[in-house]
Amino acid sequence: MNLLILSTLAESKIMTVHLQKILPGDIEKESFRIIKEEFGPIDMDEKSFKIIQRVIHATGDFSFKDTMRFAPGAIDAGIKAIREGKDILTDVTMVASGISKTMLAAWGGKVICRVADPEVAARAKAENKTRSEMAIEMSLNANIGIVAMGNAPTALVQTIRSLAGVPPADAPLVVGVPVGFVNAAESKDLLVEQNSRYITNLGRKGGSPVAAAIVNALLRLAAE
């Protein structure tokens, strides 16, 4: 089959696809309308729904409506941290890149990710730890209001360990949604079991887009 025939077939196939005519500025609004329409009965509070809705928007995956978990008061704790100008610590640069720094800066906070720091790399190698794990260990301090992890289960486990014994009122919100096959689901189960201020999802799914979507949803809730 030559290129001309392939090109003709491709053109004919395009002609049978009915693309929705929509202005660029209306795409996100229409996406959220479709998600709400297809979501089905909403048996949760509005804030939880808005976070899950943004996660579905980022992933195209409606299974998150069944797997997302919120500790009591976690969403309000995240909103409070943002409004107080607290910083957000992430496990990898992809999560940091996906967070709206402009919205966060309006409250005085900033996004911190030290996974690429030479000092972090050196200590991680010396102590036989992952860089994400060491970056969390070295950076978790009183001005961190949210810890957002979408990639490294080791970073989530380190966060859980570092916060053990910290009163919930003084602890940051943990957004723990690492993706993968090795300890991703288990680290999230541990989070639910041992931490009282978390937003997570059960199972292997997750990832940097999910973590960033949750934080961005919190930023929008803070601005309401």
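The values are calculated or read from the model by the stated rules, or taken from the named source; none is laboratory data. Bear in mind the structure is a predicted one, so any value in this text is a computation, not a measurement. In this analysis, Cβ positions are derived from the backbone assuming ideal geometry, glycine residues included, and neighbour counts consider all displayed protein chains. Only protein heavy atoms, including side chains, enter the accessible area calculation; ligands, DNA and RNA are left aside. Shrake-Rupley method; radii C 1.70, N 1.55, O 1.52, S 1.80 Å.
With unit charges on the beta carbon (Lys/Arg positive, Asp/Glu negative), name the residue among A223, G145, A135 whose Cα is farthest towards the positive pole of the charge dipole of the chain.
After comparing all options, I get A135.
Mind ranking H18, H57 by accessible surface for me, highest first, 1.4 Å probe? If you can, show how the numbers build up before the last one.
On the way: H18 170, H57 70 Å².
From most accessible down to least: H18, H57.
Return the FRET efficiency for the residue pair N141, T59: r is the Cβ-Cβ distance, R0 is 22 Å, and the value is rounded to the nearest 0.05.
0.10
How much of the accessible area of the chain, probe 1.4 Å, is carbon plus sulfur, in whole percent?
That share works out to 56 percent.
Lys and Arg at +1, Asp and Glu at -1: add these up for the other residues within a Cβ distance under 11 Å of T67 and post the number. Walk me through the intermediate numbers first.
On the way: positive: K65, R69, K188, R204, K205; negative: D61, D66.
Summing Lys/Arg as +1 and Asp/Glu as -1 gives +3.
In square angstrom, what is the accessible area per residue of the chain with a 1.4 angstrom probe?
54
Please give the length that would be gained between E127 and A169 if that part of the chain were fully extended, namely 0.36 nm times their separation in residues minus their C-alpha to C-alpha distance (nm, one decimal).
On the way: separation 42, 0.36 × 42 = 15.12 nm, distance 3.13 nm.
Difference between extended and current length: 12.0 nm.
Could you estimate the translational diffusion coefficient of the chain from the Stokes-Einstein equation, with Rh from the Kirkwood formula over C-alpha pairs, at 25 °C and 0.890 mPa s, in whole µm²/s?
Reported coefficient: 132 µm²/s.
Need the C-alpha centroid separation for segment 143-206 versus segment 17-34, integer Å.
Comparing the Cα centres of segment 143-206 and segment 17-34, I get a distance of 34 Å.
Taking a 20 Å limit on the Cα-Cα distance, which of the listed pairs K47/K110; K29/K110; K50/K80; K65/K86; K65/K205 fall beyond it?
Cα-Cα > 20 Å for K47/K110; K29/K110; K65/K86; rest within.
For N183 and D26, what does the FRET efficiency come to when R0 = 35 Å and r is the distance between their Cβ atoms, rounded to the nearest 0.05?
Working: r = 41 Å, r/R0 = 1.18.
Computed FRET efficiency for N183 and D26 comes out at 0.25.
Set the Förster radius R0 to 25 Å, insert the Cβ-Cβ distance between A116 and S162 as r into 1/(1 + (r/R0)^6), and round the FRET efficiency to 0.05.
Once the sixth-power term is evaluated, E becomes 0.75.
Let me check I've understood the local charge: for G206, count other residues with C-beta under 11 angstrom from its C-beta, Lys and Arg +1, Asp and Glu -1. What total comes out?
Spelling it out: positives minus negatives among the neighbours equals +2.
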